[in-house]
Structures are given as C-alpha cells and as structure tokens.
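Structure first, commentary second.
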Amino acid sequence: MNRKIPELVCPAGNLPALKMAIDHGADTVYLGLKDATNARNFAGLNFDRKSAAEGIMYAQQRGRKVLMTINTYAQAGEVKKWQQTVDTAAELGVNAVILADLGLLAYARKTHPQLALHMSVQGSATNYEAINLAQELFGIRRVVLPRVLTLPQVEQVIKHTSVEIEVFGFGSLCVMVEGRCLLSSYVTGESPNTFGVCSPARYVRWEQYPTGMDARLNNILIDRYGADEPVGYPTLCKGRFQVNKETYYALEEPTSLNVLEVLPQLLAMGVAAIKVEGRQRSPAYTAQVTKVLRQALDLAVRCPAEFEVNPLWQQALAKVSEGQQVTLGAYNRPWK
Ligand code: SF4
C-alpha cells in the first residue's frame, strides 16, 4: 500500500496570504499574476513581478515550493501575452507552472524544457488516457484532477499513470465540468477561461434596502438576501431563481468541499498532493484552512488506522465554508 506524504498545496491570492500559508504549514503555494492569464483575475488580488519574486523567495528560503497558475486559455491575437507569462514564471524561478491550454503546454515544453509542468484542473483531464497523453506530448509532471470523480475513480486513475495526482481537499465547488463553464459569458460576455474571472467585479452591483440586499450581475438579479442573511458573491450558478413560482437555488446551493473524513483513503491510494481552493479569499481564510489541513494530514500520515476527524477542525472549517456548509462532493456518490 502506498504511504507517500502528499504535499499540502495552498492558495496565495496576494503576498500576505502567501506568507500566512507558509507560516501555517503549506508545503506549496500557488499564485497568479494580475491579468487574464490566471483564472482568479479579480481586482485587488494577485501578484506583480516584484511581489511574486518576494513571495517566491519567502517560500523557497523556508524549503517550500511555489507554483504559478497560468490556467486560462490564450485568446486569439493575444497568444504572446500568455507565452510571455510562461517566460516570466521561468525567469522568476517558480517550482512549476500550472497550465490548461495545450498550445501553451507545447510552448512551455519547447521553450523552457527545465520548467516543471502541471496540468490545471481547467484542462479537464478526468481519465488516465488523457493524462498519459499529456505526459507523452508535454512531459507533464502532475495533473490536478477535476472535482467530478468518485474516490474509486480517483484510485483507478492513480493506478494507471505515473503522473502525480493532485486532488482538491477544501474550498468552494463549481457545478461545471471543470474548465468548461461559459455560464457567466451569457450575462457578461466574459468567462473564467477567457478573461480569468467568473462574475467579473465590474459587472457586480449591490443594492441595499431596509429589508435586505439585492446582488446583481450586469443588471440581472442573482440573489435577494434578507436583512440577517449572510451575503455571497453573485455567481450565476449559485443564484436563487424563480422556477414554477418557487424561488430557490435552482442550479447549485453554495457549499464547500471538505475531505477530512476521507483523508486516510486518499493517502492510501497515493495522491501526490491535496489542494486548497480560494485565492479570492482573505489571508485569514488561508491561515485557518492551512492550519487545520496541516494538522489533519500529519495525523492521517502518522496513524492512519486511528485517524479521527477532530470536531474542532470541522468547526473551524465550517466558519470559512461557502454557505457555511460542507460536502464530500463527487468523491462520495453512493448510488454509483
Ligand atoms: S458560473 Fe458557477 S460553475 Fe461556472 S465557473 Fe462560475 S462558479 Fe463555477
């Protein structure tokens, strides 16, 4: 049975979050630049060259790794911009780049043969044939699995590839087949794969009323919150809509993935890395989630047979979960 210790890979939306992740036990952090080459292209987030260099130094001096996320698709007429970001990552000395675009993977492989390549979750590689082909063509070292597979399916993939497998361990969920969501482009003309954001901030509008708050995206009502309700960021898939005179989360209820319960299984099947979602969240979120996942992973590695989920971990994670609720997502589909 494989007992490799998986890397804990944590989000760095900015320099303070990067430092929080490192200080609270992340083995690896992932970050992106302040442009459309990264799928968390929100105003006020991300890194310029100077802060990226500082973050990389901070992590690497402490023996940790930094991955640069270039996980959107190069747009027609602008391919150079995406290629230059790969060049920048190589110059900065990141430990690997996370790419989705096949043309960009080919460019990185040819131009920077020494640069380690990870296939992004946005690359939608959900089976070992696709993963092995990417290894053959581009020499990918790791793939981030889309959050659509059951635990036995993850195990099946691991058994049939030598590419390292990274899985999501905590964070907000999308209903999409990862890398293929165009939902926000129907309302704003922009989507995660093109402009790097789902629900671009400039289209978001909040309207406060005595009775609560409306959240709109490009003037379309996405949700109406009561005065005491916690308010979420308006994404189309997580809005409450009226269908047959009933108003409810017609597509998806906001909820977070949380794999604490199945950590020993993930370890036993040999996942190479556990990833925390959330570069758009605060440094405090990063600190909290990293701390809990670090403790849980260490315990699961040390004594897998006696591993039990500490209720304090669950309480801490529930506070930072989207919609204040958690799920095992696709990992657990008992009807399959
Ligand atoms: S609309 Fe929803 S499913 Fe699509 S990318 Fe945005 S959050 Fe994910």
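The values are calculated or read from the model by the stated rules, or taken from the named source; none is laboratory data. Given the structure is predicted, the values throughout are model-derived calculations rather than measurements. Reconstructed Cβ throughout: ideal geometry from the backbone, glycine too, with neighbour counts over all protein chains shown. We work out accessible area using only protein heavy atoms, side chains counted, and drop any ligands, DNA or RNA first. Shrake-Rupley method; radii C 1.70, N 1.55, O 1.52, S 1.80 Å.
Listed by chain and number, the lysines whose alpha-carbon sits under 20 Å from that of K238, ignoring those within fewer than 8 places in the same chain, are K319.
Overall size of region 1-147 from C-alpha positions, given as principal axis extents largest first: 48, 38, 28 Å. Judged by the mean number of other Cβ atoms found within 10 Å, the most tightly packed of the peptides 228-235, 112-119, 242-249 leads the ranking 112-119, 228-235, 242-249.
With a Förster radius of 41 Å applied to the beta-carbon distance between V79 and V243, the computed FRET efficiency rounds to 0.50. Projecting label points 7 angstrom from Cα along Cα→Cβ for H160 and R205 puts them 5.0 nm apart.
Amide hydrogen proximity for N46: with H placed 1.01 Å from N in the peptide plane, the residues at 5 or more positions away or on another chain lying under 5 Å are N14. In the distance distribution for region 125-222, Cα-Cα pairs more than 23 Å apart total 46 percent. Partners of K110 within straight-line reach, counting aspartates and glutamates whose Cα lies under 20 Å from its Cα and excluding those fewer than 8 residues away in the same chain: E78, D87, E91, D101, E136. What the phi angles of region 290-300 give under the Karplus curve with 6.51, -1.76 and 1.60, with θ = phi - 60°, is a coupling list of 4, 4, 5, 5, 4, 4, 5, 4, 4, 5, 5 Hz, glycine and proline written as x.
Looking at region 183-249, the accessible area is 58 square angstrom per residue; that uses a 1.4 Å probe and ignores ligands, DNA and RNA. Of all the options L92, L33, L145, the one that moves most in a Gaussian network model of the chain with Cα springs shorter than 10 angstrom is L92. Normalising the average separation of contacting C-alpha pairs (under 8 angstrom, six or more residues apart) by the number of residues puts the relative contact order of the chain at 21 percent. Binning all Cα-Cα separations of region 183-249 at 5 Å, short to long from zero, yields these whole-percent fractions: 4, 18, 26, 23, 17, 9, 3, 0.
If you wrap the tightest convex hull around every Cα atom of the chain and split its volume per residue, you get 146 Å³.
Of the DSSP beta bridges with both residues in the chain, give the percent that are antiparallel, rounding to the nearest 5.
Bridges in the chain are about 40 percent antiparallel.
Overall, the accessible surface of region 183-249 at a probe of 1.4 angstrom is composed of carbon and sulfur to the extent of 53 percent. Taking amide hydrogens as placed 1.01 Å from N in the peptide plane, the amide H of A116 sits under 5 Å from those of V97, each at least 5 positions away in sequence or on another chain.
Using the Cβ atoms and a cut-off under 15 Å, what net charge is assigned to the surroundings of R224, where Lys and Arg are +1 and Asp and Glu are -1?
-2
Can you tell which of P254, P11, P304 shows the greatest fluctuation in a Gaussian network model of the chain with Cα springs below 10 Å? Maximum fluctuation in the GNM of the chain, among the listed residues, is at P304.
Summed over qualifying helices (DSSP H, 4 residues or more, each -39500 (n - 2.57)) and divided by its residue number, the chain shows a 222 nm mean residue ellipticity of -10000 deg cm²/dmol. Note that region 1-105 presents 40 Å² accessible area per residue, ligands and nucleic acids not counted, probe 1.4 Å. For a straight C-alpha distance cut-off of 19 angstrom, the lysines reachable from K159 (same-chain residues fewer than eight places away being disregarded) are K4.
For the pair A268 and D23, the difference between a 0.36 nm per residue extended length and the Cα-Cα distance amounts to 85.5 nm. Count Lys and Arg as plus one, Asp and Glu as minus one, and take only other residues whose Cβ is under 12 Å from that of L45; the net charge is then +2.
Using R0 = 41 Å, the C-beta based FRET efficiency linking Y186 and R302 works out to 0.25. I want to verify a result. In a Gaussian network model of the chain, Cα cutoff 10 Å, which of these has the top mean-square fluctuation: K319, K50, K34? In the Gaussian network model the winner is K50.
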